[in-house]
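The values are calculated or read from the model by the stated rules, or taken from the named source; none is laboratory data. This is a predicted model, so every value here is computed, not measured. So basically every Cβ, Gly included, is an ideal-geometry build from the backbone, and we count neighbours across all protein chains shown.
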Amino acid sequence: MPVSKAAINKCCADLNKVKKEIAKVVVGQEILIDGLLRAVLANGHVLIEGVPGIAKTLIARALSASTGCDFKRIQFTADLLPTDILGITSYDEERGFFVVQGPIFGNFILGDEINRAPPKVQSAMLEAMQERQVTIGRETFPLKKPFFVIATQNPIETLGTYPLPEAQIDRFLFKLIAGYPSKEEERGVIERNISMHSFDYFGLKPVLSPERIIEMQELTKKIGHKERIKNYIVEIVNATRNPSKYNIKLGKYIQWGSSPRAGISLFISAKADALLKGQMIIKPQNIKNVALDVLGHRVILNYRGEAEGIKPIDVVKEIISKVRIP
């Protein structure tokens, strides 16, 4: 069935309620919050990069509280084991063998400083993020719905960190950048923060439920599109693989272009952006709105690009500016 305008309006009203609740404790960061809401609608995971103290953890906690979802936090460290995340099989004389579930069994999972975990732990997240299930011993367990991973990483410190494997980075729908607040926002932060007050002080209320989020995710899939939208997405993704055909000057710095998952991610993310703006159909601008978040971590630069300080996001910006809308 086609999506109705009334359903879209109701969804927008609910999302605005979530924003108002988050604003009780978080000052500014509207762009980051909108990115997280798009990811929730698109049922995808998010990697947030930003210096310490930007409120990455606070935003994740506030989003979980305002949506009525179960929140679990995993502090990634160099000595973390996969069982610390997934859980273990234990034995009791009366109960026999039983499973003790780890913190991965929640709705909103905050992976704090995920790049501090060793490769074995990072790979343990792959099954959970992609398949929405985990294997403990000989048993496989489905994860809760909705299931949403918000991972953070600190771009400043590299000592004791492990670069995320490309296969895991590709599992993140978005890579979002948490920037500094404006001077006006920082004035508000000085007085309204969780160092001065506890999190409970701000009185965040759940304005949604897990069931409502699942309904909104299904509504996102029903947002309409025309054939030229698919063609536009294909052209953008192809430009990351064959930049010379599109006269992309920074294309000489690309080692690997985006995978087919990038096109899928652009499509569902554009639907989420359209829904967030109250639209019934995808427009080319919706694709442009999400392209940097979707493709910025999926374009791999060569050594020359890294040596010259080129950033993947700069390449994506040029691609968006030069690929014509069909």
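Residues that are of a type in the set (A, V, I, L, M) and more than 21 Å from A307 (Cβ to Cβ) within region 233-268 comprise I233, V234, I236, V237, A239, A262, I264, L266, I268, listed in sequence order.
Considering K17, K10, the condition of being free of Cβ contacts under 8 Å to residues at least 40 places away in the same chain, in the same structural domain as K205 (by TED's automatic domain parsing), part of a helix (DSSP H, G or I) and of a type outside the set (S, T, Y) is satisfied by K10 alone. Checking each residue in region 220-231 for being within 19 Å of the chain's Cα centre (by Cα) and surrounded by fewer than 19 Cβ atoms within 10 Å (Cβ to Cβ) picks out only K221.
Regarding R116, is this residue free of Cβ contacts under 8 Å to residues at least 24 places away in the same chain and either buried (at least 20 other Cβ atoms within 10 Å of the Cβ) or basic (K, R) (or both)? When the stated conditions are applied, R116 does not pass them.
Within region 20-37, the set of residues being of a type in the set (A, V, I, L, M) and in a loop (DSSP other than H, G, I, E, B) comprises V25, V26, V27.
Tell me whether region 245-258 contains one or more residues that are under 20 Å from the mean Cα position of the chain (by Cα) and under 19 Å from L36 (Cα atoms). Within region 245-258 (the criterion being under 20 Å from the mean Cα position of the chain (by Cα) and under 19 Å from L36 (Cα atoms)), the answer is no, since none of the residues qualifies. Report, by residue number, each residue of region 128-146 that is touching a strand residue (DSSP E or B) at 6+ places or on another chain (Cβ under 6 Å) and assigned to a helix (DSSP H, G or I). Within region 128-146, A128, M129 qualify.
For region 239-272, a residue qualifies if it is closer than 16 Å to G296 by Cα and free of Cβ contacts under 8 Å to residues at least 12 places away in the same chain, and exactly one does: I264. Counting only strands (runs of 3 or more DSSP E) wholly contained in region 38-118, the ones carrying 2 or more residues that are under 30 Å from K288 (Cα atoms) and in the same structural domain as Q133 (by TED's automatic domain parsing) occupy 45-49, 108-112.
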